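Student: Here you go, one structure.
Read-outs: derived from the displayed coordinates by stated rules, not from any lab. Predicted model only: the values in this text are computed from it and were never measured. All Cβ positions, glycine included, derive from the backbone under ideal geometry; neighbour counts span all protein chains shown.
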């Protein structure tokens, strides 16, 4: 898995595509939360759930179906009336992409059993054809004991830089759009 920090960075990079005046900061905070929530499945280890089970690590909570459900819940519970300058569908799309980015990034790591993108309909696990992101140890204790800081160079290269580039391009396009609209 990628670290929780990098999952949040990816969500903020995606969020720049949805940025607009009047959008509350809690939209971005909840997007970062959506990007981290799939790893709640690690609780299963303490409950005896095997890694490869449908509700094991990188199972259901890493699926596209879960991303759609979580996005729906976020919009319905946190923003039932929407927000200025973002439709409810745009909010749902942002939360969906932020959540789905978690599985995508985990499928780019060089460890684990893969990601069940299509759970609960198919529990097959997948990696992307290229897996350049160094897998992070699971759990804070393991992260510290197993040299978890060593994952940051690959995350910086494969997550932080692309997220910053996405955000910069999105914000430049928004600025151009506002400038053209003002003419």
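Student: Sorted from largest down, give the three principal axis spans of the alpha carbons of the stretch 4-109, whole angstrom values.
Tutor: If we take the Cα atoms of the stretch 4-109, the spans are 46, 25, 19 Å.
Student: Here's something else I'd like to know. Taking other Cβ within 10 Å of each residue's Cβ, how do 180, 50 sort, fewest first? Don't skip to the answer; put the middle values down first.
Tutor: Details: 180 8, 50 13.
Ranked by crowding around the Cβ, least crowded first: 180, 50.
Student: Can you put 70, 113 in order, fewest other beta carbons within 10 Å first?
Tutor: Least to most surrounded, the residues fall as 113, 70.
Student: Next up: Ignoring everything except DSSP H segments at least 4 long, calculate the 222 nm mean residue ellipticity for the chain; use -39,500 (n - 2.57) per segment, divide by total residues, nearest 500.
Tutor: For the chain, the value works out to -16000 deg cm²/dmol.
Student: Now for a separate question. Give me 163, 124 sorted ascending by neighbouring Cβ count inside 10 Å, so fewest comes first.
Tutor: 124, 163
Student: Please give the length that would be gained between residue 46 and residue 77 if that part of the chain were fully extended, namely 0.36 nm times their separation in residues minus their C-alpha to C-alpha distance (nm, one decimal).
Tutor: Values: separation 31, 0.36 × 31 = 11.16 nm, distance 2.93 nm.
Full-extension gain reported as 8.2 nm.
Student: Rounded if a/c is under 1.5, else prolate if a/b beats b/c, else oblate: with a ≥ b ≥ c from the C-alpha gyration tensor eigenvalues square-rooted, which is the stretch 48-127?
Tutor: prolate
Student: Another question, if that's okay. At q = 0.10 Å⁻¹, work out log10 I(q)/I(0) for the chain with the Debye formula, treating every Cα as an identical point scatterer and leaving solvent out; two decimals please.
Tutor: The Cα Debye sum returns log10 ratios of -0.41.
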